[in-house]
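Let me begin by presenting the structure, written as structure tokens, before commenting on it.
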Amino acid sequence: MRTFRFAAALPPMLALLVAAIGTARGQDTQVTVYRCIDAQGRVALRDSPCDDGYTQQVRTMQRPVDGSPPPAPVPQPAVAPVEAPAPQVIVMRPPQPMYRCVRPDGSSYTSDSSEGNPRWVPLWTMGYGPVRRGPSTPVEVDAGDGRGSVHVDSRPGRPVHGGYYGGTWVRDECRPMPQGEVCNVLTGRREEIRGRFFNAQPTERAELTREERAINARLAQDCAR
């Protein structure tokens with residue numbers, strides 16, 4: 001018989017006692033604990049009934065069972081370091097511009113270049129007076145009664161009052177179009193190409209196909225269409 005005396009009932013110590021009794025009794029699943037209190041209020045825990053003169057309290061408890069040991073850790077395979085992907089460089093180009101050019105008669109057309117169509121104009125249309133140009137080239141002519149020569153200006157010009165006006169090349173004025181208008185023009189041109197395709201000759205169809213592919217690429221890049 002084993003007797004354990006305490007100044008007061010302590011649950012942790014009671015648990016230790018139950019564990020000790022359970023171990024001693026082997027495979028018993030139930031454990032009986034006797035709580036003995038003497039006249040002075042001192043408490044003793046026993047695995048047998050209390051002696052005479054003690055106040056006895058009996059407790060039946062489940063024998064503690066040792067838990068299963070945790071499973072051994074499973075070795076994990078070594079993980080190769082993951083290399084970060086190479087950064088991607090995306091080059092964003094600005095939309096390709098389109099220009100609206102105006103002819104001298106007030107009509108307009110579109111162009112991918114800021115330089116309008118060139119045309120030759122005489123200087124007098126620009127406010128310059130008549131000037132004889134040189135050098136001249138002598139040309140022999142037969143007047144019927146002899147041979148003579150006159151001087152003819154070999155460069156472009158217009159005879160005015162016996163002289164020649166010079167000229168110069170000028171280009172139509174062109175202004176950049178808003179991007180929304182550019183997209184509308186490209187879309188309209190694509191519809192025009194598709195309308196002409198079925199009635200076109202094979203050679204023209206090939207040209208229309210190439211032009212439509214270029215327009216589709218430009219619409220996708222600059223207009224998201």
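Before moving on, here are some points about what is shown:
- Thr3 in contact with a strand residue (DSSP E or B) (Cβ under 6 Å, 6 or more places away or on another chain), modelled with pLDDT of 65 or more, farther than 30 Å from Gly188 by Cα and of a type outside the set (A, V, I, L, M): no
- Test: residue in region 119-134 that is modelled with pLDDT of 90 or more, under 30 Å from Pro95 (Cβ atoms) and out of contact with any Leu (no Cβ under 7 Å at 6 or more places or on another chain): no
- Residues satisfying the stated conditions in region 80-103, i.e. without any contact (Cβ under 8 Å) to a residue 60 or more places away in the chain and either outside any loop (DSSP other than H, G, I, E, B) or acidic (Asp, Glu) (or both): Glu83
The values are calculated or read from the model by the stated rules, or taken from the named source; none is laboratory data. Everything quoted here is computed from the prediction, not taken from an experiment. We place every Cβ from the backbone using ideal geometry, glycine too, and count neighbours over all the protein chains shown.
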